[in-house]
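Bear in mind these aren't lab numbers, they're just calculated from the coordinates by the rules spelled out. Keep in mind that this is a model prediction, so the values were computed, not measured. Please note: Cβ atoms are built from the backbone with ideal geometry, for glycine as well, and neighbour counts cover all protein chains shown.
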């Protein structure tokens, strides 16, 4: 198990990039996104982010590199509203996470409120049996919520996870989702950590030069 613990989303992102670049295994994609490219991948990743609510949520790039950051505060908020809590999709989209999350949110909030956080049942599942036949099935599959020692903890699982682009935007949006849920709880609870697991966290070949640049001081 590849284990990373950091305070913020940005710190966790940078450490996960470095860890994958150093310890990941390489293979050519035969089925999936960017077929034909080389992916460097971690087979069992666990990331604990202790204070994912730290602002800004968006990660930054070093000054004077001319490399755009993979996301922004605006993109993260758009991702939250349009892709996580809204159950509509564009014609060109096979699905959105919101199609699965939005219908379950009221029940999750009710479960937490009725138990005052003393439950293991507040778990959102993403996908259905038909998803396996999609060209790109959902990457995010589980969002679990638990109150642990007075803090709302979110645990997520990604079957496949683009570390460079997906990691910071996904986790920023999921943090906003956690904050949305906390706003609807009627008992005292603090914001807590995000714990993320993936059995396929990876860096695509096209990002290798950028990741090497970001990690140059660690070589």
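Here are the numbers for this structure:
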{"item": "The chain: angle of helix 9-23 to the longest principal axis, Cα-based, in degrees nearest 10", "result": "40"}
{"item": "Gain in span if fully extended, residue 25 to residue 69, counting 0.36 nm per residue against the direct Cα distance", "result": "13.3 nm"}
{"item": "Two-site label geometry, residue 183 and residue 134: point separation in nm, points 7 Å out along Cα→Cβ", "result": "2.6"}
{"item": "Of 193, 106, 137, the one that fluctuates the most in a GNM where the chain has Cα springs shorter than 10 Å", "result": "106"}
{"item": "Label-point separation, residue 92 to residue 33 (7 Å along Cα→Cβ), nm", "result": "1.6"}
{"item": "Packing-based exposure ordering (other Cβ within 10 Å, fewest first) of 167, 80", "result": "80, 167"}
{"item": "In degrees, nearest ten, helix 97-115 long axis to first principal axis of the chain (Cα)", "result": "40"}
{"item": "Estimated translational D of segment 1-120 in µm²/s (Stokes, Kirkwood radius over Cα pairs; 10 °C; 1.306 mPa s)", "result": "90"}
{"item": "Column: log10 I(q)/I(0), Debye, Cα scatterers of segment 69-177, q = 0.14, 0.19 Å⁻¹", "result": "-0.60, -1.06"}
{"item": "Rough spin-label spacing in nm, given labels placed 7 Å along Cα→Cβ, for residue 78 and residue 213", "result": "2.3"}
{"item": "Whether segment 1-64 is rounded, prolate or oblate, judged on the alpha carbon gyration tensor where a/c under 1.5 counts as rounded", "result": "prolate"}
{"item": "14 Å cut-off, amide nitrogen to a point 7 angstrom out along residue 43 Cα→Cβ, residues in segment 16-35", "result": "23-27"}
{"item": "Of all DSSP beta bridges in segment 2-218, antiparallel share, percent nearest 5", "result": "65"}
{"item": "Residue-averaged [θ]222 nm for the chain, counting only DSSP H segments that reach four residues, each worth -39500 (n - 2.57)", "result": "-9500 deg cm²/dmol"}
{"item": "More than 29 angstrom apart: percent of Cα pairs within the chain", "result": "26"}
